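A short worksheet on the structure shown next.
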Amino acid sequence: MKKRYCIIPQILLLFWFFLDMTGIYFRNTYLVARSYKDDGIFFLIYLVTIILFIFKEKFGKWAVAVWTSIWFVVQFLCHEWYTIFGKGIMGSLEGKIKCFSGAIKWLEIDGRYIPDVYHSILHILILMVVITSAIYIRNSKKQA
């Protein structure tokens, strides 16, 4: 896999995650609330891993792979876990539902938390970066 095929999903994820820094609001709903105070450090860490990948590839490819893998696990525990098991480690199910009550959703079921549009796309993009990074690392080992 060529480096640029790895960078494309990384940049898409960076752009999508940047929306979390600014927030995207509509009249009575939002795609994502402005969360730079809570998530800003995570955005900067991800940005640094991409920069490392571009300029210091040997270390950077691992930084991207490790960071996005950890990030995916955390996101899974904070979102999909609640959908699957009806409870989680980040507060109550009711609190989770209330927290994202104004977000644009794919589907809404009373008493169930289902990740909203922003988080669903975020999780897909994170997973794409994890997968493309793993393939890139595997292929770069074969070529060495």
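The table below gives the values:
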quantity: Odd one out for residue 90, checked against (1) over 25 Å from residue 11 (Cβ atoms); (2) in contact (Cβ under 8 Å) with a residue 12 or more places away in the chain; (3) touching a Leu at 6+ places or on another chain (Cβ under 8 Å); (4) surrounded by 15 or more Cβ atoms within 10 Å (Cβ to Cβ); calculated: (4)
quantity: Positions within the stretch 1-20 being buried (at least 16 other Cβ atoms within 10 Å of the Cβ) and within 17 Å of residue 67 (Cβ to Cβ), in sequence order; calculated: 6, 7, 9, 10, 13, 14, 16, 17, 20
quantity: Unmet criterion (only one of (1) without any contact (Cβ under 8 Å) to a residue 12 or more places away in the chain; (2) closer than 22 Å to residue 4 by Cβ) for residue 81; calculated: (2)
quantity: Hits in the stretch 108-138 - residues which are surrounded by fewer than 16 Cβ atoms within 10 Å (Cβ to Cβ), at pLDDT 95 or above and assigned to a loop (DSSP other than H, G, I, E, B); calculated: none
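The values are calculated or read from the model by the stated rules, or taken from the named source; none is laboratory data. In this text the structure is predicted, and so the values were computed from the model without any measurement. Neighbour counts are summed over all protein chains in view; Cβ atoms, including those assigned to glycine, are modelled from backbone coordinates with ideal geometry.
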